[in-house]
Amino acid sequence: MNKKLLVTGGAGFIGSHVVRRLVNKYPDYHIFNLDKLTYAGNLANLKDVESKPNYTFVKGDIVDADFINALFSEHRFDGVIHLAAESHVDRSITNPLEFVMTNVIGTVNLLNAAKKYWAEAYSEHRFYHVSTDEVYGSLGEIGLFTEETKYDPHSPYSASKASSDHFVRAYHDTFGLPVVISNCSNNYGPFHFPEKLLPLAIHNIKNNKPVPVYGKGENIRDWLFVEDHAVAIDLIFHTGKLGTTYNIGGNNEWKNIDIIRLLCQLMDKKLNRPAGNSEKLITFVKDRAGHDLRYAIDSSKLQNELGWKPSLRLEEGLERTVDWYLSNDQWLSNVTSGAYQQYYETQYDGR
Ligand code: NAD
Ligand code: TYD
């Protein structure tokens, strides 16, 4: 084994794709997946790699500094790819403090451990912080987020991610910690927890339940297939310039109502329903508080410097995603039983 890498949040949506890619592509690395297994963490996302000799799962909480220090002391990681986070905007509106704990305190605990255990040879290590385009706030009808766009977060989620990004940069500038950051647009694909727009809509359409669209569905997101994000993370971790930021985006801007209509058409086809059937499920509900109008990413720095580009158009990625959900019924019913029901009722009741 020539490298020990710590991936945090590897049992979540994006983390599981990153872990799978690293475990399969680098048999000479040992990948440690540290995850608290919150409602969003699911070891079933990694069934296909769990018995590989270069993979170890560690259950733990990044908010627990003693635990993090002990883990670094035991394993002396060469690098960290940090994805663990509370990630859902609606939950951040209900419970902001949880987001401060994991996204801010948890990140600072990891930075402190890296600073302490890597002090003798910073140049041999790398701390990669995975972040979101939501830190930049909301765009009007034109323009794109670049790496120079000023931070202007509006939700407790994006404020907590912005804060963690600032801490990561501060540890670079103050202590010389070898860091790199990326800010990515909305991901979609297999293993996405059905609290987020697309998997929630797939689940509801499948079950003939109303599909809640906030406000008038005019908000715009830039969608990236999750495996393309994992490719970018691999590339940036290995070749990204230290102390800098890379924006990652799909170049796939869609209004929520348009993407939901497209999804309805696709689901009608896949479920052999008459055309127009699923669209009848669309239900406009009360808007999200502080709802950002538009996100769109300029990823030309990543494309020009490191040669990355998205591999799929949204139409292709969406079809792959729908096919995955329809053939992984058990995964979907496992994650939507129990606590999910209660969340759903509280979140959408009276909307
Ligand atoms: P997710 O919610 O699916 O997964 C988060 C994972 O972190 C879960 O496995 C959870 O158990 C784990 N976790 C949460 N709190 C923890 C704690 N205190 N200690 C240890 N583990 C903990 O999230 P995701 O969508 O996979 O996002 C991963 C990262 O990528 C996040 O940092 C998020 O901000 C960022 N990101 C997400 C998107 C997106 O569209 N989903 C886009 C850009 C950036
Ligand atoms: P979401 O998947 O929560 O991602 P984010 O808020 O991080 O962009 O939401 C994507 C868009 O879909 C966002 O504009 C909010 C909207 N949305 C709905 O219209 N209905 C829903 O039930 C959800 C969860 C989101």
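The values are calculated or read from the model by the stated rules, or taken from the named source; none is laboratory data. If you're wondering where the values come from, they're calculated on a predicted model, not measured in any experiment. Because the Cβ atoms are built from the backbone with ideal geometry, glycine has one as well, and the counts that use them run over all protein chains shown.
Test His88 against the criterion of being within 16 Å of ligand 2 (Cβ to nearest atom) and touching a residue at least 24 places away in the same chain (Cβ under 8 Å), and give yes or no. Walk me through it before giving the result.
Details: within 16 Å of ligand 2 (Cβ to nearest atom): yes; touching a residue at least 24 places away in the same chain (Cβ under 8 Å): yes.
Yes, satisfied.
Considering Asn95, Asn183, which residue is among the polar types (S, T, N, Q), without any contact (Cβ under 8 Å) to a residue 12 or more places away in the chain and either surrounded by 23 or more Cβ atoms within 10 Å (Cβ to Cβ) or within 16 Å of ligand 2 (Cβ to nearest atom) (or both)? Give the derivation first.
On the way: Asn183 fails: without any contact (Cβ under 8 Å) to a residue 12 or more places away in the chain.
Among Asn95, Asn183, only Asn95 is among the polar types (S, T, N, Q), without any contact (Cβ under 8 Å) to a residue 12 or more places away in the chain and either surrounded by 23 or more Cβ atoms within 10 Å (Cβ to Cβ) or within 16 Å of ligand 2 (Cβ to nearest atom) (or both).
Which condition number in (1) surrounded by fewer than 18 Cβ atoms within 10 Å (Cβ to Cβ); (2) closer than 19 Å to Ser131 by Cα is the one that Leu224 fails?
Tallying (1) surrounded by fewer than 18 Cβ atoms within 10 Å (Cβ to Cβ); (2) closer than 19 Å to Ser131 by Cα, Leu224 fails exactly one: (1).
Sort out for me the strands (runs of 3 or more DSSP E) sitting completely within region 195-298 that have 1 or more residues that are away from ligand 1 (no atom under 14 Å from the Cβ), within 28 Å of Asp349 (Cβ to Cβ) and in contact (Cβ under 8 Å) with a residue 40 or more places away in the chain. So that I can check it myself, show each step before the final result.
Working: elements: 211-214, 220-225, 245-248, 253-255, 282-285.
Passing ranges, in order: 211-214, 220-225, 282-285.
Considering only region 24-32, I want to know if a residue exists there that is within 16 Å of ligand 2 (Cβ to nearest atom), closer than 25 Å to Leu224 by Cα and part of a helix (DSSP H, G or I). So that I can check it myself, show each step before the final result.
From region 24-32, those within 16 Å of ligand 2 (Cβ to nearest atom) are none; that's our starting set.
Checked region 24-32: no residue is within 16 Å of ligand 2 (Cβ to nearest atom), closer than 25 Å to Leu224 by Cα and part of a helix (DSSP H, G or I).
Here is a check on your reading of the model: is Ala84 surrounded by fewer than 23 Cβ atoms within 10 Å (Cβ to Cβ) and either within 8 Å of ligand 1 (Cβ to nearest atom) or of a type in the set (Gly, Ala, Ser) (or both)? Quick ask: steps written out before the conclusion?
Values: surrounded by fewer than 23 Cβ atoms within 10 Å (Cβ to Cβ): no; either within 8 Å of ligand 1 (Cβ to nearest atom) or of a type in the set (Gly, Ala, Ser) (or both): yes.
When the stated conditions are applied, Ala84 does not pass them.
Residues being touching a Gly at 6+ places or on another chain (Cβ under 7 Å), surrounded by 20 or more Cβ atoms within 10 Å (Cβ to Cβ) and in contact (Cβ under 8 Å) with a residue 40 or more places away in the chain: count how many of those fall in region 19-62.
Within region 19-62, residues that are touching a Gly at 6+ places or on another chain (Cβ under 7 Å), surrounded by 20 or more Cβ atoms within 10 Å (Cβ to Cβ) and in contact (Cβ under 8 Å) with a residue 40 or more places away in the chain number 4.
Determine which member of the set Val130, Val108 is in contact with a Phe, Trp or Tyr (Cβ under 9 Å, 6 or more places away or on another chain), modelled with pLDDT of 95 or more and under 15 Å from Asp165 (Cα atoms). I'd like the intermediate steps shown before the answer.
Values: Val130 fails: in contact with a Phe, Trp or Tyr (Cβ under 9 Å, 6 or more places away or on another chain).
Being in contact with a Phe, Trp or Tyr (Cβ under 9 Å, 6 or more places away or on another chain), modelled with pLDDT of 95 or more and under 15 Å from Asp165 (Cα atoms) holds for just one of Val130, Val108, which is Val108.
Inside region 322-351, can you point out the residues that are farther than 18 Å from Asp48 by Cα, among the hydroxyl-bearing types (Ser, Thr, Tyr) and part of a helix (DSSP H, G or I)?
Hits for region 322-351 are Ser333, Tyr340, Tyr343, Tyr344, Thr346, Tyr348.
Taking Ser182, is it hydroxyl-bearing (Ser, Thr, Tyr) and in a loop (DSSP other than H, G, I, E, B)?
Here the answer is no, as Ser182 does not meet what is asked.
Quick one: is Leu71 in contact (Cβ under 8 Å) with a residue 24 or more places away in the chain and either in a strand (DSSP E or B) or within 17 Å of Ile31 (Cα to Cα) (or both)? Outline the logic, then answer.
On the way: in contact (Cβ under 8 Å) with a residue 24 or more places away in the chain: yes; either in a strand (DSSP E or B) or within 17 Å of Ile31 (Cα to Cα) (or both): yes.
Yes; evaluated as a whole, the condition is true for this residue.
Tell me, which residue of region 135-161 that is among the small types (Gly, Ala, Ser) and touching a strand residue (DSSP E or B) at 6+ places or on another chain (Cβ under 8 Å) is modelled with the lowest pLDDT?
Within region 135-161, the first condition is being among the small types (Gly, Ala, Ser), and the residues that meet it are 137-138, 140, 143, 155, 158-160.
This time we only want the ones that are touching a strand residue (DSSP E or B) at 6+ places or on another chain (Cβ under 8 Å), so: 138, 140, 158.
Details: Ser138: 97, Gly140: 94, Ser158: 98.
Among those residues, the one meeting the criterion is Gly140.
Identify, from the list Asp48, Asp66, the residue that is among the acidic types (Asp, Glu) and either over 23 Å from the mean Cα position of the chain (by Cα) or not in a loop (DSSP other than H, G, I, E, B) (or both). Steps first, please.
Values: Asp48 fails: either over 23 Å from the mean Cα position of the chain (by Cα) or not in a loop (DSSP other than H, G, I, E, B) (or both).
Every option except Asp66 fails the conditions.
Taking region 117-159 only, how many residues are loosely packed, with under 15 Cβ neighbours inside 10 Å and assigned to a helix (DSSP H, G or I)? Spell out the reasoning first.
Taking region 117-159 and keeping what is loosely packed, with under 15 Cβ neighbours inside 10 Å, we get 119-121, 123-124, 140-143, 146, 148, 150, 152.
When the remaining residues are screened for being assigned to a helix (DSSP H, G or I), the result is 119-121, 123-124.
Within region 117-159, residues that are loosely packed, with under 15 Cβ neighbours inside 10 Å and assigned to a helix (DSSP H, G or I) number 5.
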